[in-house]
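K.L.:
To start, I am sharing the structure in question, which I have written as structure tokens.
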Amino acid sequence: MRFLLSFLLIWQTHLNAQSGLIKGQVTDALTNDPVEFANVLIAGTSKGEITDAEGRFELEVEPGFYSVEVSFLGYKTEKRSEIEVTSSRPVTLDFQLEPASADLQEVVVKAESFRRPPESPLSLRNIGITEIKRNPGGNRDISLVIRSFPGVTSTASFRNDLIIRGGAPNENRFYLDGMEVPTINHFATQGASGGPASILNVDFIKEVDFYSGAFPANRSNSLSSVFNFRQKDGRDDRPGMTATVGATDVGVTFEGPIGEKTTFLASARRSYLQFLFEVLELPFLPTYNDFNLKVKTKFDQKNELTILGIGAIDDFRLNLEANETEAQRFILNNLPDNEQWNYATGLVYKRYGENGFTTFVLSRNTTNYDAEKYLGNDSSTESNLLLRYNSREIENHLRVERTIRTDDWKWLYGARYDYVRYTNSTFNKIFTRIGPEDIEYSSSLDFHKYGAFGQVSRSFYSDKLDLSFGLSIGGNSYSDDMINPMDQFSPRLSMSYNVWDDLRINFNTGIYYQLPPYTSLGYRENGELVNRNSDISPIRSDHFVAGFSFLTEFDAKISVEGYYKRYNNYPFLLRDSIALANLGGDFGVIGNEPVKSMSKGRTYGLEIFYQQRLYKGYYGLAAYTLGWSEFTNGEERYVPSSWDARNIVNLTLGKRFKNNWEVGVKWRYQDGLPNTPFDPNSNLVQNWQRNNGPIPDYSQLNTLRQEPSSEVDIRIDKRWFFENWSLDVYLDIRNVFGNAVASRNLYLDVELDEDGLPVGDPEIINPNAPIEQQRYKTKLITDDEGTPLPTIGIVVKI
């Protein structure tokens, strides 16, 4: 016992003796010239440093979480919050200071923890890596973390669909260090997004800019949101490693220097989610792999090159043993086996000049979809084949941007070019409201996209008034109706006025365009591009957003925003008589059928948001959204869309305790989403032999509504810091009380006899009648039981 006490005392003393390092460089944001004699300060303390002739600094501190401020006369003060410092690796913070306006050159501008560029003074949420990792129920998944913010609607609990301000899941765009990536989730729905797990490795991420409106002019082809993921650089002092083991996957990240001017980050991850799903007796078993790479070379102070890569391989198989409940059997009969793989790779070259910099982005991304389904999951005979699908989307991107400053004016302008190739091979037996139909075709499509953009911003009256005007135009060679880039004339205007102290009134309006999904553009019948002949056109959305924001003295932000979005030319599915905006929250493919650009929509609402950065050991989020989402039906009447959630409440509270313990809890409430009744012909034998399920009655689109849902998530972290490595062990439990969560949980299924065969319904029709008149007995079933999802994670950093 005496030996044990002595060992623990020595160990604790060893832990307390550890130290960490914060280092970096301070430069001019436009020229990248070093800023000498800048003040670097640990916020809330007297500990600081002055930058040297190369703008560099070093601060030695104990392991923990810190906020760092950098200030210098003639520049806007910048602050980075909640920087985690460990003993395993130095933290590199490179600050690029924005020049202050001419009338503020002799004043040190007050630091703000929340970014507010004049181009997007509202509808921008800046999310740090610490906020992502600690989010209760988030499990280090950015798509789950985003649900804590206002304007975000949840769909099925096992999917990561992003429904932003009532828009469809396909209305979001993602950028990784300036390179566009097609999706950020495994098992994505073609034509939309979503999936059960993120592709992004959070150990790469430095911070995320989430725009739910007021999109910058250089970010095109989006209607609901834009995500900019900024990745950290690899360490430059020695090789390092981070190993992570969670409930769903295991991953490893390597980093380090390659010579004097180059650093790298590389990671690989393999899931064992299928084992968890098998234990939970879920009817599907997803397996995924993903890879991330970043190599950065700083040739000199004026030139740098970044090589980026991200990819995923997904395999989705059915768990035929999980067939005890009606809900399990229904899912087994409807979900296909599918495989996906995707990658994005590119080069980002940045060159600084005397008054600004130029960025060149060259990239390529490819996504491949394969799916297959047999009647009764019996693949022993081809006559049982219901679906065989293969499709590939390839995009090649080139974008050039120039950012300069002349006096107090900031200018951004540039051009973009994309070459697109799309292929599709489809065989599908379906039953619609019209009757049985066999769909079989092959399609190949390639075309060019091009555009230009510009944005100018300036602050007036000692930074009390910020104004920004942007413009984007674009065209493509898909059809004669889309060639003229002026037909996608996309202006936007932002204003922000400092009414009093830290209270600002903000406004933005803009017109945005997005191409329909490639599944619609490339659909063929009899060798013809049906939708091109029907004059399919880009979707248009007009945004109006206004509100105010207030920054407190205790590192918090309060904002209130009202928004209105108006849609035109949305694809309307002729086969089902429904706007494409209602689809995308499930596995599979959307838009792969005849459409017309005739649907209209509108979403509007109010968002109230409180974001508390770490202050005296506490942090938290509070968000309330009151919103409506409506699109026209087959009679051109506005009806609630599938994402019309109305009331959404999110509350997150966390506390850091002594000895590196941390506890967080999150509560989320959401009104039930709309549902569509089943078509009376759903129980026709012909239907069930083709669809294995019911047909929605879209003449009564979204006239039903699910029950409200709520869930509580908790997270507990404990950290240890050693001389050259650190250890983080966490427990993350999603849906602690097992409440029913938001999902489409009402099914229509056929009754089965003792042998598991469908039972005919003699009360409706004589079973000896022709096949087109025969019907099965059906019943409604629900799957409204929630399941707690615990994760015990281990993160080792060396």
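K.L.:
Give, rounded to the nearest 20 debye, the magnitude of the charge dipole that region 443-549 has about its Cα centre when Lys and Arg contribute +1 at Cβ and Asp and Glu contribute -1 at Cβ.
P.N.:
It works out to roughly 220 debye.
K.L.:
Please work out how much accessible surface L144 shows to a 1.4 Å probe, ignoring ligands, DNA and RNA, in Å² rounded to 10.
P.N.:
Result for L144: roughly 20 Å² accessible.
K.L.:
Something else now. Excluding ligands and nucleic acids, what accessible area in Å² is computed for I129 using a 1.4 Å probe, to the nearest 10?
P.N.:
Counting only protein heavy atoms, I129 exposes about 40 Å² to solvent.
K.L.:
May I ask you to derive the relative contact order of region 42-106, considering only C-alpha pairs under 8 Å and at least 6 residues apart, and to give it as an integer percent?
P.N.:
28
K.L.:
If F158, F737, F316 are ordered by their accessible area, calculated over protein heavy atoms with a 1.4 Å probe, which sequence runs from highest to lowest?
P.N.:
Details: F158 80, F737 145, F316 0 Å².
The ordering from most to least exposed comes out as F737, F158, F316.
K.L.:
Okay, next question. Among E754, E561, what's the order by accessible area (1.4 angstrom probe), most exposed first? Each step should come with its number before you reach the end.
P.N.:
Details: E754 190, E561 10 Å².
Result, largest first: E754, E561.
K.L.:
Helix 2-16 versus the longest principal axis of the chain: what angle, 0 to 90°, nearest 10, using Cα atoms?
P.N.:
Tilt of helix 2-16: around 80 degrees.
K.L.:
Now for a different question. Per the helix-only calculation at 222 nm, which mean residue ellipticity applies to the chain, given -39500 (n - 2.57) for every DSSP H run of n ≥ 4 and division by its residues, nearest 500 deg cm²/dmol? The partial results should precede the final answer.
P.N.:
Working: 8 runs with 57 residues, N = 798.
Using -39500 (n - 2.57) per qualifying helix, the result is -2000 deg cm²/dmol.
K.L.:
Once each part is reduced to its C-alpha centroid, what is the distance from region 383-442 to region 339-379 in angstrom?
P.N.:
One Cα centre to the other: 11 Å.
K.L.:
Dipole of region 647-753 (Lys/Arg Cβ +1, Asp/Glu Cβ -1, origin at the Cα centre): which of L651, G672, Y698 lies farthest to the positive side?
P.N.:
Positive-end residue among those listed: L651.
K.L.:
Another question, then. Just name one of S599, S479, Y624: the one whose Cα is farthest towards the positive end of the charge dipole of the chain (beta-carbon charges, Lys/Arg +1, Asp/Glu -1).
P.N.:
Y624
K.L.:
If you place +1 on the Cβ of every Lys and Arg and -1 on the Cβ of every Asp and Glu, how big does the dipole about the Cα centre of the chain come out, in debye to the nearest 20? All intermediate terms of the calculation are to be shown ahead of the outcome.
P.N.:
Numbers: 83 positive and 105 negative charges, 367 e Å.
Value, rounded to 20: 1760 debye.
K.L.:
Can you give the relative contact order of the chain as a percent, counting alpha carbon pairs under 8 Å and 6+ residues apart?
P.N.:
Details: 2289 pairs, mean separation 88.6, N = 798.
Worked out over the chain, it gives 11 percent.
K.L.:
Could you size up the charge dipole of region 393-503 around its Cα centre, putting +1 on the beta carbon of Lys and Arg and -1 on that of Asp and Glu, and report it in debye to the nearest 20? List each step's numbers first, then the result.
P.N.:
Working: 12 positive and 17 negative charges, 48 e Å.
Around 240 debye, computed over region 393-503.
K.L.:
Can you flag which of K232/K797; K133/K261; K232/K302; K206/K666; K133/K616 are past 27 Å Cα-Cα?
P.N.:
Values: K232/K797 15 Å; K133/K261 30 Å; K232/K302 19 Å; K206/K666 23 Å; K133/K616 19 Å.
With Cα atoms farther than 27 Å apart: K133/K261.
K.L.:
Whole Å is fine, so just give me how far the alpha carbon centre of region 195-222 lies from that of region 22-89.
P.N.:
26
K.L.:
Let me ask something else. Provide the FRET efficiency to the nearest 0.05 for the D438-A769 pair, computing r from the beta carbons and using R0 = 25 Å.
P.N.:
Values: r = 23 Å, r/R0 = 0.92.
Working from the Cβ atoms, E equals 0.60.
K.L.:
Using the Cα centre of the chain as origin and beta-carbon charges of +1 (Lys, Arg) and -1 (Asp, Glu), tell me which of I536, G213, S459 is placed farthest towards the positive end of the dipole.
P.N.:
Towards the positive end, the residue furthest out is S459.
K.L.:
Let me ask something else about it. Stretched out fully, how many nm does the piece from F469 to S534 gain, at 0.36 nm a residue minus the Cα gap? Each step should come with its number before you reach the end.
P.N.:
Numbers: separation 65, 0.36 × 65 = 23.40 nm, distance 3.50 nm.
Length gained, F469 through S534: 19.9 nm.
K.L.:
Continuing with the same structure: Where in region 535-600 are there chymotrypsin sites (Phe, Trp or Tyr not before Pro) that are in a DSSP coil and have at most 12 other Cβ atoms within 10 angstrom of their Cβ? Present the calculation step by step, with values, prior to reporting the outcome.
P.N.:
On the way: sites: F544, F548, F550, F554, Y563, Y564, Y567, F572, F587; in loops: F554, F587.
Taking region 535-600 and a limit of 12 other Cβ atoms within 10 Å, the loop chymotrypsin sites (Phe, Trp or Tyr not before Pro) found are F554.
K.L.:
For V279, V729, what's the largest-to-smallest order of accessible area, 1.4 Å probe?
P.N.:
On the way: V279 115, V729 50 Å².
Heavy-atom accessible area, descending, gives V279, V729.
K.L.:
Once you have a ≥ b ≥ c as the square roots of the Cα gyration tensor eigenvalues for region 164-227, tell me rounded if a/c is under 1.5, and otherwise prolate or oblate according to whether a/b is larger than b/c. All intermediate terms of the calculation are to be shown ahead of the outcome.
P.N.:
Values: a/c = 1.75, a/b = 1.08, b/c = 1.62.
Oblate, since a/c reaches 1.5 and b/c is not below a/b.
K.L.:
Would you mind computing, in nm to one decimal, how far apart the modelled labels at T297 and L727 are, each placed 7 Å from Cα along Cα→Cβ?
P.N.:
My value for the distance between the label points is 4.0 nm.
K.L.:
Would you please classify the overall shape of region 152-199 from the alpha carbon gyration tensor, given that a ≥ b ≥ c denote the square roots of the eigenvalues, rounded means a/c under 1.5, and beyond that prolate means a/b larger than b/c while oblate covers the rest? Don't skip to the answer; put the middle values down first.
P.N.:
Values: a/c = 1.89, a/b = 1.31, b/c = 1.44.
Taking the square roots of the gyration eigenvalues as a ≥ b ≥ c, region 152-199 is oblate.
K.L.:
Right, something else. Which distance in Å, rounded to a whole number, links the C-alpha centroids of region 531-594 and region 313-336?
P.N.:
Distance between centres, Cα-based: 31 Å.
K.L.:
R0 = 51 Å: FRET efficiency of S380 with T406, Cβ-based, nearest 0.05?
P.N.:
0.10
K.L.:
First check a/c for region 640-736, with a ≥ b ≥ c the square roots of the eigenvalues of its C-alpha gyration tensor; if it is under 1.5, answer rounded, and if not, answer prolate when a/b is larger than b/c or oblate otherwise. Could the numbers behind the result be given before it?
P.N.:
Numbers: a/c = 5.44, a/b = 2.54, b/c = 2.14.
Prolate is the answer for region 640-736, as a/c is 1.5 or above and a/b outweighs b/c.
K.L.:
Please give the peptides 247-260, 359-372, 45-58 ranked by average Cβ packing (other Cβ atoms within 10 Å per residue), highest first, as a rough proxy for protection. Please report the intermediate quantities before stating the final value.
P.N.:
Details: 247-260: 16.7, 359-372: 18.7, 45-58: 14.7.
Sorting 247-260, 359-372, 45-58 by mean packing, highest first, produces 359-372, 247-260, 45-58.
The values are calculated or read from the model by the stated rules, or taken from the named source; none is laboratory data. As the structure is a prediction and not an experimental result, all values here were calculated from the model. Reconstructed Cβ throughout: ideal geometry from the backbone, glycine too, with neighbour counts over all protein chains shown. The area values use the complete protein model at the heavy-atom level, side chains included, leaving out ligands, DNA and RNA. Shrake-Rupley method; radii C 1.70, N 1.55, O 1.52, S 1.80 Å.
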